[in-house]
Amino acid sequence: MYCSGCGSPLAAGLSYCNRCGVSLKERSQPKQTGVIAAFLTAITIIGVSGLGIMFGGALTLTNEAHLREELVGFFMLFTFLVVMVAEILLIRQMSRVTSAQPTRVSETPQTPAIANEFRAPAPRTLAEPLASVTENTTRTLEYSRTEPPR
């Protein structure tokens, strides 16, 4: 198995990468199949009922209300636009939900652990002390005494 952060080979059972420190625990993915199924159901119901309202309303307006064809056509166009806007918004929202799901990384075959991977970290040494400010100042003043005036 390899680290998803840096790509270095990993030994089995590690919680964090030895090289970059990224967490190797699997994140629990919420099951969103119910949400996707709800969106698909809503899209289907709104589409079918919108078409039913559009055609049924056109027939009712023509036969019962005796409206002109231009008004019935306007009603059908308006109903179609409202249904299409609702469908597009639902599809857009569903695409946001599906794209928010993290993609699973395919696991590669595990490689044997490298012996150097488990060695202890090198001991840290203390930093060299900084030179004294007065030493540097004294040295600088000493040089300036012997320097010819400008």
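A short reminder: the numbers here are calculations on the coordinates, not readings from a lab. Predicted model, so just to flag it, every value in this text is computed and none were measured. Note that each Cβ is placed from the backbone with ideal geometry, even for glycine, and that neighbours are counted across all protein chains shown.
Karplus-based coupling profile of the range 14-21, in residue order and whole Hz: 7, 9, 9, 5, 6, 8, 10, x, with θ = phi - 60° in 6.51 cos²θ - 1.76 cosθ + 1.60 and x standing for Gly or Pro. Ordered by the number of other Cβ atoms lying within 10 Å of each residue's own Cβ, fewest first, F39, F55 fall into the sequence F55, F39.
Amide H to amide H distances under 5 Å link L24 with Y16, C17, where only residues 5 or more positions off or on other chains count and H is placed in the peptide plane.
Sequentially through the range 57-66, phi angles give Karplus couplings (6.51, -1.76, 1.60; θ = phi - 60°) of x, 5, 5, 5, 5, 6, 7, 8, 8, 6 Hz, Gly and Pro residues having no value and appearing as x.
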